[in-house]
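Data first, discussion second: the structure below is written as structure tokens.
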Amino acid sequence: MAKKLYSALMTAFNEDGTMNDAGTRAMVRYNIDVNHIDGLYIGGSTGEAFMMSVAERKHLFKIAFEEAGDGCDLIAQVGAINLTEAKELADYAVNTVGYKTISAVTPFYYPFTFDQIKDYYDSILDGLDTQLLIYSLPALTGVSLSAEQFGKLFENPKIIGIKFTNADFLLLERVRKAFPDKLIYFGSDEMLLSALVLGVDGAIGSTFNLNAKRTYDEIAAFEAGDNAKALELQHISNDYIMDVIDNDLYPTIKLLFHEAGVDAGICKKPMNAPTPEMKAGAAKIYAKYFN
Ligand code: NGF
């Protein structure tokens, strides 16, 4: 099966913190029309979903779905530590809007037990005709799951895989070997090549919003057995990713969209608003990697 690349969709905001629908729609279009992306991951970390209200998250699901049509795969990230809200979001995404696949971050902040985490996933899925990717992101959630624990979550047949944002390559290898039929989408863009070696099914990430072509070329080189070329492309991508992180990750990806002619709005507070220095930095990054 061909490996898939998903951009983690950004949500465009106005200066007053309200949603900028035109900007979000334009980023969906850019991903489909310019990046020819396989799919979009909507309402995740990159989408700033954890700073949005339930009503805003629902609205995001609706406009992204409308704009994308059947142009690419879509995954709605519904996770929240308020399980009632996560269930409401899942029901809305699947039954009102029509998403076929959802994802949910592991419940965070409180030190939940594994049984509580399993109950969270089973509760989200209860009564819903859908499939779900576990969103595992230990660095931000503080929740690390073992291969055995992933196996227990997979006992729910609606759970089809993992969005694996984690640099633990031994765990990735163990999970890959133990669950060859489950999907694993890698989520640390700067380590993609190492994850490809371990057999991931693709990647979901923020930096692909602008850097999709180079990443598709890297995957093609890897699949053709040209590891030297794949590594050369990963080196360039990582120079780009490090420059973006140094300039402030999410605001800079939006500024790069601006450079590409897409009015992507700005980030929501407490994320930074773009300063003149950040704008100048983004212009340099765009000229260096995308011209
Ligand atoms: O932004 C983060 C935070 N991770 C993303 C991605 O895994 C998140 C990753 O692309 C995502 O897909 C989502 O939920 O929206 C990084 O931004 C990238 O590798 C640069 O470090 O961990």
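In table form, for the structure just shown:
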read-out: Residue that is farthest from the ligand (Cβ to nearest atom) [pool: residues in region 271-291 that are touching a residue at least 40 places away in the same chain (Cβ under 8 Å) and part of a loop (DSSP other than H, G, I, E, B)]; value: ALA273
read-out: Single residue of region 194-208 satisfying the filter (assigned to a helix (DSSP H, G or I) and either near the ligand (Cβ under 9 Å from one of its atoms) or surrounded by fewer than 20 Cβ atoms within 10 Å (Cβ to Cβ) (or both)) that is nearest to the chain's Cα centre (by Cα); value: PHE208
read-out: Hey, ALA2 under 21 Å from ASP189 (Cβ atoms) and in contact with a helix residue (DSSP H, G or I) (Cβ under 9 Å, 6 or more places away or on another chain) or not; value: yes
read-out: Filtered residues of region 41-53 (kept if surrounded by 16 or more Cβ atoms within 10 Å (Cβ to Cβ) and more than 10 Å from the ligand (Cβ to nearest atom)); value: MET52
read-out: Tally of residues being out of contact with any Asp or Glu (no Cβ under 9 Å at 6 or more places or on another chain) and either among the hydroxyl-bearing types (Ser, Thr, Tyr) or within 15 Å of LEU137 (Cβ to Cβ) (or both) across region 150-166; value: 6
read-out: Set LYS182, LYS213: member being away from the ligand (no atom under 15 Å from the Cβ) and touching a strand residue (DSSP E or B) at 6+ places or on another chain (Cβ under 6 Å); value: LYS182
read-out: Test: residue in region 270-291 that is touching a Phe, Trp or Tyr at 6+ places or on another chain (Cβ under 9 Å), within 26 Å of ASN20 (Cα to Cα) and exposed (fewer than 15 other Cβ atoms within 10 Å of the Cβ); value: yes
read-out: Residue under evaluation PHE257, criteria (1) within 13 Å of the ligand (Cβ to nearest atom); (2) in a helix (DSSP H, G or I), criterion not met; value: (1)
read-out: Output for region 8-29, where each listed residue is part of a helix (DSSP H, G or I) and either away from the ligand (no atom under 16 Å from the Cβ) or under 12 Å from GLY205 (Cα atoms) (or both); value: ASP21, ALA22, GLY23, ARG25, ALA26, ARG29
read-out: Residue match in region 218-234 (condition: buried (at least 23 other Cβ atoms within 10 Å of the Cβ), within 17 Å of the chain's Cα centre (by Cα), under 30 Å from ASP263 (Cβ atoms) and of a type outside the set (Val, Ile, Thr)); value: no
read-out: Residues satisfying the stated conditions in region 54-89, i.e. charged (D, E, K, R), within 16 Å of the ligand (Cβ to nearest atom) and part of a helix (DSSP H, G or I); value: GLU56, ARG57
read-out: Sole residue being among the basic types (Lys, Arg) and over 25 Å from THR46 (Cα atoms), chosen from LYS177, LYS163, LYS182; value: LYS177
read-out: Among the residues listed as ILE134, ILE124, ILE160, the single one being closer than 26 Å to VAL28 by Cβ, in contact with a strand residue (DSSP E or B) (Cβ under 9 Å, 6 or more places away or on another chain), more than 15 Å from the ligand (Cβ to nearest atom) and outside any helix (DSSP H, G or I); value: ILE160
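For (1) in contact (Cβ under 8 Å) with a residue 40 or more places away in the chain; (2) farther than 21 Å from ASP33 by Cα, each residue gets a yes or a no:
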{"residue": "ALA220", "(1), (2)": "no, no"}
{"residue": "LEU233", "(1), (2)": "no, yes"}
{"residue": "ASP248", "(1), (2)": "no, yes"}
{"residue": "LYS254", "(1), (2)": "yes, no"}
{"residue": "GLU259", "(1), (2)": "no, no"}
{"residue": "ASP263", "(1), (2)": "yes, no"}
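FYI, it's all coordinate maths here, none of it is from the lab. Treat the numbers as computed from the prediction; the structure is a model and nothing was measured. Please note: Cβ atoms are built from the backbone with ideal geometry, for glycine as well, and neighbour counts cover all protein chains shown.
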